[in-house]
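Participant: Before I ask anything, here is the structure I am working with.
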Amino acid sequence: MSEFFAMGGYGKYLWPAFVLGFGIVVLNLVLALNSLAAARKDARRRMEMSQ
Amino acid sequence: MATWTWFHRLASPPHVYAFARRWTPWFGAFAAVAMVVALYGGLVLAPPDYQQKDAFRMVYVHAPTAWLSLMIYTTMAVAAGVGLIWRMKVAHAAAAACAPIGAWFTVAALGTGMLWGKPMWGAYWVWDPRLTAELVLLFLYFGYMGLRAGIEDPAKADKASAVLAVVGVINVPIIKFSVEWWNSLHQTPTVMQMGKPKMDGDMLWPLLLMFVGFALYFVTVLLIRLRAELLRRERNASWIREVVA
Amino acid sequence: MKATALVAARLVAMRDLRLAFRKPSQIIQPLMFFMIVATLFPLTLTPEMSRLRDAAPGVLWIGALLSSLLALEFLFRDDAVDGTLEQFALSGQSLTWMLFAKTCTHWLLTGLPLALSAPIAAAALGVSAEAMPGVVASLALGSFAMSLVGAIGAGLTLGARRGGVLLSLLTLPLAVPILIFGARATQLAITGGDIAPPMYLLGAIAVLGVTLAPLAAAAAVRIGLE
């Protein structure tokens, strides 16, 4: 198991790279969902105000 | 004429919104599965590389992010061009939705590249053509988003940023072919080239699957952002009432 | 069709030149800026001539770039403000040709004087006399390409808030190849090498710019005027 984490000595570059890459993958999903939620909330508020 | 109906549906915000809402979960699910399987294949199953040993595994995160940064810009430029030529609001909305995603993945490509460059070349950064051009790509994304933010009138902002996106697309082939045109420290293409890929089968399939996963993921995130864009743009349209209520 | 476009272009060029001589500050300011930037570097870097000579291509080109960005604001702004640009767009003549003419006169008034006065800055950076023709040539061709590329950004930012900062942000990515090859040419001139290869590449970029930039700039201006 510790061999897996060491990755032949390259672990200290490899794991941060994966964390960075997939972190950005997750981040973009979260940001997109937040953007949609905010847009929906905004649209709902506008509908209510105009009624 | 079935083809024209399809095209008209593509231009209609409520249709696109409904399509996005229905299919996003599916794209997302397939993307997640593909990524997880590819990750297992690349980190666990694939044998170490002869030259780079285990460090080569960084290809499974670096190559897809870099490819995505280019693919997203191209998509953005095509959408912008379609918006300019056929005056389709949905196309402009799609281009706007692409930009932040593309910028983030350019950052990811540069960052993962730096982490791969340090053990392989001894330096976090070199001013070689491909890296420099990728940095320029990041500036182009920022310029695009900055221009959109700087112009008050939404229609003008759409069109002006579309011109910028189309002008900047020349950078994409420069990045792609820079390693072939110039002496570059960066590796020459091993997968996407004419003829058989130079990579070993066991190493290749996780990479291809990862590309597929990232592509599906991009569609997922794009559809989510596109829905948000359409809601913001179509302020008082009646279809929004039904969707939001 | 072509003949009237060229006539219109020539008239626009003559007009721009005449107006420029009535307001010389627009020519002198970017030039002074370049001189100041170029002389600030020795103050902040090092007084050693040999080290300055190594840094000279970078200093000269950064100075030229910044000065160019400053000058680009003047390309369309005055004409946009008083409605002349709108008249050009409505005139029925080729806006592309007219903007190309404006860009050329802009270079004659900003880029060319900068290139011609570069020897003064270069001498302050320890560059020898034999290198001067190469330095001037590389900066002249490079600044011409910069004016062309910058016209696109200038057109796009016409209606934008804080247009100046945005103009820099937009022009920078497009200017990177010009910077790279131009600085290379200047460096070869200073070290005594053959400047032909980077000059050819710079020339190719300029030709590409001549064919495409005025088109993009005209599209940008039309969008801004709507």
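Bear in mind these aren't lab numbers, they're just calculated from the coordinates by the rules spelled out. From a predicted model like this one, the values you see are computed outputs, not experimental measurements. Please note: Cβ atoms are built from the backbone with ideal geometry, for glycine as well, and neighbour counts cover all protein chains shown.
Participant: For segment C:1-129, what log10 I(q)/I(0) values come out of the Debye formula at q = 0.11, 0.12, 0.18, 0.22 1/Å, with one point per alpha carbon and no solvent?
Facilitator: One equal scatterer on each Cα of segment C:1-129 leads to -0.49, -0.55, -0.91, -1.17.
Participant: Helix-only mean residue ellipticity at 222 nm, chain C, DSSP H runs n ≥ 4 weighted -39,500 (n - 2.57), per residue, nearest 500. What is it? Write down the numbers at each step before the final one.
Facilitator: Details: 9 runs with 194 residues, N = 226.
Computed mean residue ellipticity for chain C: -30000 deg cm²/dmol.
Participant: How far apart, in nm, are two points set 7 Å out from the Cα along the Cα-to-Cβ line at C:V210 and at A:R46?
Facilitator: 4.9 nm
Participant: Could you tell me which helices of chain C pass both thresholds, a Cα extent of 30 Å or more along their own axis and a mean Kyte-Doolittle hydropathy of at least 0.0, with helices taken as whole DSSP H runs? Mind showing how you got there, number by number?
Facilitator: Numbers: long enough: C:2-22 (31 Å, 0.62); C:49-81 (48 Å, 0.81); C:132-156 (36 Å, 1.68); C:163-191 (39 Å, 1.62); C:196-225 (42 Å, 1.67).
Membrane-span-like by this rule: C:2-22, C:49-81, C:132-156, C:163-191, C:196-225.
Participant: Tell me the mean residue ellipticity at 222 nm calculated for chain B from its helices only (DSSP H runs of n ≥ 4, each -39500 (n - 2.57), averaged over every residue, nearest 500). Could you put the intermediate results ahead of the total?
Facilitator: Numbers: 9 runs with 187 residues, N = 245.
Here the helix-only value at 222 nm equals -26500 deg cm²/dmol.
Participant: For a distance above 14 Å, tell me the whole-number percent of Cα pairs in segment A:2-50 that qualify.
Facilitator: Numbers: 793 of 1176 pairs.
That fraction is 67 percent.
Participant: Using amide H atoms built in the peptide plane, which far-off residues or other-chain residues are under 5 Å from B:Q187 H to H?
Facilitator: Amide H neighbours of B:Q187: none.
Participant: Right, here's the next one. Would you mind checking the tilt of helix B:59-86 against the longest principal axis of the Cα atoms of chain B, expressed as 0 to 90 degrees and rounded to 10?
Facilitator: Once rounded, one gets 30 degrees.
Participant: Got a sec? How would B:S238, C:S147 order by Cβ neighbour count within 10 Å, fewest to most?
Facilitator: Values: B:S238 8, C:S147 28.
Fewest to most other Cβ atoms nearby, the residues stand as B:S238, C:S147.
Participant: Let me ask something additional. Apply the Karplus parameterisation 6.51 cos²θ - 1.76 cosθ + 1.60, with θ equal to phi minus 60°, to every residue of segment B:205-215 and state each ³J(HN,Hα) to the nearest whole Hz, in sequence, with x for glycine and proline.
Facilitator: Result, rounded to whole Hz: 4, x, 5, 4, 5, 5, 4, 4, x, 5, 5.
Participant: On to the next question. Anything over 22 Å Cα to Cα? Flag those among A:K12/B:K118; B:K156/C:K23; B:K53/B:K118; A:K41/B:K156; B:K89/B:K156; A:K41/B:K159, in the order listed. Spell out each step's value before the answer.
Facilitator: Numbers: A:K12/B:K118 11 Å; B:K156/C:K23 32 Å; B:K53/B:K118 15 Å; A:K41/B:K156 26 Å; B:K89/B:K156 12 Å; A:K41/B:K159 28 Å.
In this structure, B:K156/C:K23; A:K41/B:K156; A:K41/B:K159 exceed 22 Å between Cα atoms.
Participant: Would you please report the Å³ per residue occupied by the convex hull of the alpha carbon atoms in chain C? Intermediate results must be reported in sequence, preceding the final value.
Facilitator: On the way: hull volume 26.0 nm³, N = 226.
Normalising the Cα hull of chain C by residue number yields 115 Å³.
Participant: Rg/Rh for the protein assembly as shown to two decimals, with Rh computed the Kirkwood way over all alpha-carbon pairs. Kindly include the intermediate steps, with their values, before the conclusion.
Facilitator: Numbers: Rg = 25.9 Å, Rh = 25.5 Å.
Across the protein assembly as shown, the Cα-based Rg/Rh ratio is 1.01.
Participant: What is the magnitude of the charge dipole of segment C:2-225 about its Cα centre, with +1 placed on the Cβ of each Lys and Arg, -1 on the Cβ of each Asp and Glu, and no other charges, expressed in debye to the nearest 20?
Facilitator: On the way: 14 positive and 10 negative charges, 88 e Å.
In total the dipole reaches around 420 debye.
Participant: Pick out, from C:P57, C:A89, C:L170, the residue whose Cα sits farthest towards the positive end of the charge dipole of segment C:2-225, with +1 on the Cβ of Lys and Arg and -1 on the Cβ of Asp and Glu.
Facilitator: Toward the positive end, the furthest listed residue is C:A89.
Participant: Could you compute Rg(Cα) / (2.2 N^0.38 Å) for chain B, with N its residue count? Let's see the in-between values first.
Facilitator: Details: Rg = 19.8 Å, N = 245, 2.2 N^0.38 = 17.8 Å.
Output field value: 1.11.
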